[in-house]
Structures are given as structure tokens and as C-alpha cells.
Amino acid sequence: MLFFWISSVVTFIAWALEIYLSDVASHFFLLSTFFFFFYFMVPILKKPYKMIDVSLLPLFLFFVFDNILVFWLIVAALALYVSAYLAIHSAYIYLSYLTLLTVLFPLLEREWLLALTALLNFVLFFFVIIHWKQADIKKVAYKDDYETLYRLYRSSKRQVGDMERVTRQEERNQMAREIHDSVGHRLTALTMQLEAARLQAKTSESQETFAQLKTLAQDSLADTRNAVRTFKTEDTAGLQAVIQLIRKLEAESQLRVAITMKTGVLGIILTNQQSVTLYRAIQESLTNMMRHSSSRQAMVEFQVIAQRELRFQITHSVKEQITIKEGFGLTNMRERLADINGKLTINQVKDQLHLIGQFPLEVKNSD
């Protein structure tokens, strides 16, 4: 479009100069009409007809123009115009045709020096136009190659992502099978043995104790089965899955959990072990809150530190200063975090209890 307007402006200027510098012949306006008709029809005509029409255009110049400067302006405008819109082979033919016309015009007037000058000038112009056309073709080719490579890159990236999801799901299924085959079967056997022991107990106190132990074992078995179903379900992975589990725990336990995610958190990738450790830490913190505090509200905050570590903080209110004694839950949480090279910090500031965990993210190479 840019070359169309440039060549159009040059052509109109040349036409105006001819009207100003020369006497207007009787057939001037008729030929002008034909000229501009073909000039503006060239871009929409099919290629075989383009060459015929554009080759006829300079013929009108011999009948209309008397000024050599105007003639050169028109030739330059046409050369620029067709070079922008014609293919490289067609441009070669047309520019050769224009070269012949520019040399033929002074030869008919027996102006040999002018003919030689016209030839040299147009050869230079020919050289510039063709090199520009070739550069433009290479640019288009490079752009096509870039777009092709970019599409291949996007396709490869999707395939890698699909393979990672499949691999993660296979790992989850393997972990689910191991939990089901080991822990699940043992808890089932323990439940049956506790029931048998309860039936054989001689005192009511012993029967009550065995009944409580059986209930605890059944609850543990139910939790194990829920964990197995969670692992085997192909669901959102990583931090999104952890947040979904927190929301589920919130609904089941009638809690109010405000989740805050700082910039860059949603883009991180967690391994299965990191996801499980993170969820279990938050679950244990909320369970301790319900057990040792009257508060039913908590704040959970996630933050990425230097693109290398994930920091999570669970905060809830307490009525008075408490002495923190690490039982099985907190000790297990600390050990889980240590397994992924993380750490756990617990502190109280006035009426707020803060449990802060931090562990390194797995950094993947971009090659």
C-alpha cells in the first residue's frame, strides 16, 4: 500500500507538471483517462493480464508528453509500482521493457549521449529495484520460516506439557496403588483385629477402648481412601490442586480461609511430593487451629522468593500467649519439609500465631 501511494503521488505530480509545462493536445484527456484506468486496474487483474496492461502504459507517454523530465518521473513511478506488485520474474521482464523504451526515445531523436545516459541511469535504477525486490522476497521467506518455527515450538511445548502431565498422573497412580496396597490393607486388617479384640474383651472399659481404637482406625482408613482417590483423579496439578483441597477442607470443617497469592505464584510448578507436603502442612495447621484455638478464621499466603523458593504462611488469631509444644503433627510437618530441603518456623506476635514454611522450587533449564 505504501508503494502504491508513493507511485501514485509521483505520477500525479508528473501529470500536473506536463499540463503546466506543455501545451495540452486535443487527445490529452482521453489518453489520460485510459492511462489512469489501466494504472488503477493493474493490482486487481490476474497475472497474465497484468503484464499486458502495464506494458501498454508507457506507450501513451510518446503521444502525451513532450518534456523528458516528466517522462522520467512517469517511468520511475511505473517501475516502482510494478516492482512492488509483480513477481520477481515479471519485474525483470517489465523493467527490461522500460529500459528499452528509455533508450529508444532519445535514439529516435538521434541524441546518442542522452541515450547512453538514459541506459546507464536505468541500469542503476534496475539494479536497485531488483535488489530491493529480492531483499523483500527474502524478508517474506524469513518471516514464513519464523512463523513455521514458532508454530513448531508451540506444538513441541504443548507435547512436552502433555508428556509431563501424563508422567505426573502415572506417578500419582503409582503412589495411590502403593498406599492402597500397603497402608490400606494394614488398616483394614487392624480394624478387623480391633473388632475381634472388642468382642473378646471381658470388661466394659476394655470394650469401650477397643471401640474407640476401631473408630480411629476406620477414620484413618477413610482418610487413606480419600487420599487414594485424590491421587488417582486426573485433576489440576500443583498449587491449583492444593488450593482446591484447601477449599474442600474449608467447606467440610466450616472454616473461613482467606488465601492470598503474591505475584508469580500461579506460574510455579510443584512436584507431587512438594504438593503433598504443602497441603499436609496447611491441613495440619488448620487442624491445630480448630483444636487449640476458638478461632475459625485463618489467612494463608503464598509468595515466591527470588523465583527460587516458595514461602507459605498460615496465620490465625489466639486469645493469649501460648507455649508451643511440637507434637506428632508439627514434628511430621517439619520432617516432610526437611525431605524437600525446606524449613518450618512458628512464632507468635501479640494475638497472631504465624506458621511459616519455605522450600526450594525445582529450577528447570530453558534449553
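Using R₀ = 45 Å, calculate the FRET efficiency as 1/(1 + (r/R₀)^6) where r is the Cβ-Cβ separation of Q273 and F127; round to 0.05.
0.10
For L361, enumerate residues with amide H under 5 Å from its amide H, sequence gap 5+ or separate chain, H modeled in the peptide plane.
E309, L310
Sort 204-214, 139-149 by the packing proxy (mean of other Cβ within 10 Å over each peptide's residues), most packed first.
Result, highest mean first: 204-214, 139-149.
Under a point spin-label approximation (7 Å from Cα along Cα-to-Cβ), what is the K138-T260 distance to one decimal in nm?
5.7 nm
So if each residue of separation counts as 0.36 nm, and I subtract the Cα-Cα distance between K319 and Q307, what length gain in nm does that give?
Gain in length upon complete extension: 0.7 nm.
Every read-out reported here was derived from the displayed coordinates using simple, explicitly stated rules and does not represent laboratory data. Just so it is clear, the model here is predicted, and its values are computed rather than measured. Here the Cβ is made from the backbone with ideal geometry for all residues, glycine too, and neighbour counts use every protein chain on show.
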